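J.: Take this structure first; my questions come after.
The values are calculated or read from the model by the stated rules, or taken from the named source; none is laboratory data. As the structure is a prediction and not an experimental result, all values here were calculated from the model. All Cβ positions, even for glycine, are placed from backbone atoms using ideal geometry, and neighbour counts span all protein chains on display. Calculation scope for accessible area: heavy atoms of the full protein, side chains included, ligands and nucleic acids excluded. Shrake-Rupley method; radii C 1.70, N 1.55, O 1.52, S 1.80 Å.
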Amino acid sequence: MNAEAPVEPGRIVLLTASHRVAPGLLSWPAWQTLHAADRVLCGDGAHPQLPYLREAGVGVEVAAPTAQELVDACAGGRTVVVLATGEGDQALTDGLARMAGSGRFQMPDLELLPGSYDLPGARLLDLVQVMDRIRRECPWSSQQTHKGLAKYGIEEAYELVEAIEDGDHDELREELGDVLLQVAFHARIAQEDAEEPFSIDDVAGTIVDKLIHRHPHVFGDADAETPEDVKAHWLRTKAVEKQRDSVTDGIPLGQPGLALAAKLASRVRNAALDVPLPSGDGIGYELLTMAVRAEAEGHDPETALRAAARAYRDAIRAAETAATGA
């Protein structure tokens, strides 16, 4: 009497697809596996991939099997593909892990097959979606305006500078995110403008066009061998774009005084203008002279003063500690 042949356990394929990639753009191995599978299951009837799979001739059953049901479905060497939902299938994977760990079941081969991968910058799409929902549903965020948020932009920029000066990479990453939030928030508000709306895509498109246009040595046939050559390209291109009446046009007067003085001096020097410094009494004119001198020597007076002020802060704390005996 012949012994019964062992039942082949089959194969389970957990197919994942990034929601940040357009539906239907799956890898070739994913398409091969889908077409060859005995069954394709998906627990989400509204999964964005379903119309594209069905259009390609892949039959998909809307079902959310338990781990035991899925193992049973693979009996006889069958291959079952499970298209993961956007929220994941934690209960299913946990159940399969428990069954495998018990040692009491003949488990199918289990394969995790990424059907698509995020492109660089894909998480920015998440930020846009989250910001859109917050703008619609948050009582505070839905009432904000460009003017109302302006102060936060200044604060976040200063906090970013402080993180850079501290050399704290974790803090730097967080502060960059806070600055990026300001960009996303303002762009989302701008979408609602009745006369001149624009979106985050318009913002990105504008800066991309600007970067390409101002880097002819990268995207064109211009030559630039040194940083000085690059700066010269930038300034010439910017001058043509802006068509300003004065070298002072576009300089924000609301920036810190030392930075403002240095920016004015930089514009004068780059334009090869001979402009004597205004004379007058008082510390302001002395600071102006020092700021212009620092800029001419290649130093940022604002950064230099901040570094000195931080050293002064440390000295104050040391003196306080010495005074208290702590």
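J.: Of the conditions (1) modelled with pLDDT of 90 or more; (2) under 30 Å from A163 (Cβ atoms), R306 fails just one. Which one is it?
T.: For R306, the failing item is (1).
J.: Any idea which of (1) touching a Pro at 6+ places or on another chain (Cβ under 9 Å); (2) charged (D, E, K, R); (3) open to solvent by less than 60 Å² (accessible area, probe 1.4 Å) is the one D44 doesn't satisfy?
T.: Failing condition for D44: (1).
J.: Name the residues in segment 93-123 that are free of Cβ contacts under 8 Å to residues at least 40 places away in the same chain and within 30 Å of W28 (Cα to Cα), would you?
T.: Our first condition is that a residue be free of Cβ contacts under 8 Å to residues at least 40 places away in the same chain; within segment 93-123, this holds for 94-95, 97-105, 120-121.
Of everything in segment 93-123, those that are free of Cβ contacts under 8 Å to residues at least 40 places away in the same chain and within 30 Å of W28 (Cα to Cα) turn out to be D94, G95, A97, A100, P120, G121.
J.: Could you look through segment 158-192, keep only residues that are assigned to a loop (DSSP other than H, G, I, E, B) and at pLDDT 95 or above, and pick out the one that is surrounded by the most Cβ atoms within 10 Å (Cβ to Cβ)? Quick ask: steps written out before the conclusion?
T.: The initial filter retains those residues of segment 158-192 that are assigned to a loop (DSSP other than H, G, I, E, B), namely 167-168, 191-192.
Remaining after also requiring at pLDDT 95 or above: 191-192.
Values: Q191: 13, E192: 9.
Per the stated criteria, the residue is Q191.
J.: R133 - would you say it is open to solvent by 90 Å² or more (accessible area, probe 1.4 Å) and more than 30 Å from A190 (Cα to Cα)? Can you show your working first?
T.: Numbers: open to solvent by 90 Å² or more (accessible area, probe 1.4 Å): yes; more than 30 Å from A190 (Cα to Cα): no.
The answer is no for R133.
J.: Pick from segment 19-41 the residues that are closer than 14 Å to V82 by Cα and aliphatic (A, V, I, L, M): which of them is surrounded by the fewest Cβ atoms within 10 Å (Cβ to Cβ)?
T.: A36
J.: Let me ask something else. Report whether or not P29 is touching a strand residue (DSSP E or B) at 6+ places or on another chain (Cβ under 8 Å), under 30 Å from V208 (Cβ atoms) and touching a residue at least 40 places away in the same chain (Cβ under 8 Å). Full working, then the answer.
T.: Values: touching a strand residue (DSSP E or B) at 6+ places or on another chain (Cβ under 8 Å): yes; under 30 Å from V208 (Cβ atoms): no; touching a residue at least 40 places away in the same chain (Cβ under 8 Å): yes.
It is false that P29 is touching a strand residue (DSSP E or B) at 6+ places or on another chain (Cβ under 8 Å), under 30 Å from V208 (Cβ atoms) and touching a residue at least 40 places away in the same chain (Cβ under 8 Å).
J.: Something else: Could you check E196 against (1) part of a helix (DSSP H, G or I); (2) open to solvent by 70 Å² or more (accessible area, probe 1.4 Å) and say which number it fails?
T.: (1)
J.: If you don't mind, there's one more thing I want to ask. Go through (1) in contact (Cβ under 8 Å) with a residue 24 or more places away in the chain; (2) closer than 30 Å to T145 by Cα; (3) open to solvent by 80 Å² or more (accessible area, probe 1.4 Å); (4) of a type outside the set (D, E, K, R) for H213 and report which single condition fails.
T.: (2)
J.: Can you name the condition, by its number, that G76 falls short on among (1) open to solvent by less than 70 Å² (accessible area, probe 1.4 Å); (2) touching a residue at least 12 places away in the same chain (Cβ under 8 Å); (3) within 39 Å of the chain's Cα centre (by Cα)?
T.: Failed condition: (3).
J.: Might you check whether a residue that is surrounded by 10 or more Cβ atoms within 10 Å (Cβ to Cβ) and modelled with pLDDT of 85 or more occurs anywhere in segment 226-238? Show your work before the answer.
T.: Kept after step one, since they are surrounded by 10 or more Cβ atoms within 10 Å (Cβ to Cβ), are these residues of segment 226-238: 229-238.
From the residues that got through so far, the ones that are modelled with pLDDT of 85 or more too are none.
Within segment 226-238, not a single residue is surrounded by 10 or more Cβ atoms within 10 Å (Cβ to Cβ) and modelled with pLDDT of 85 or more.
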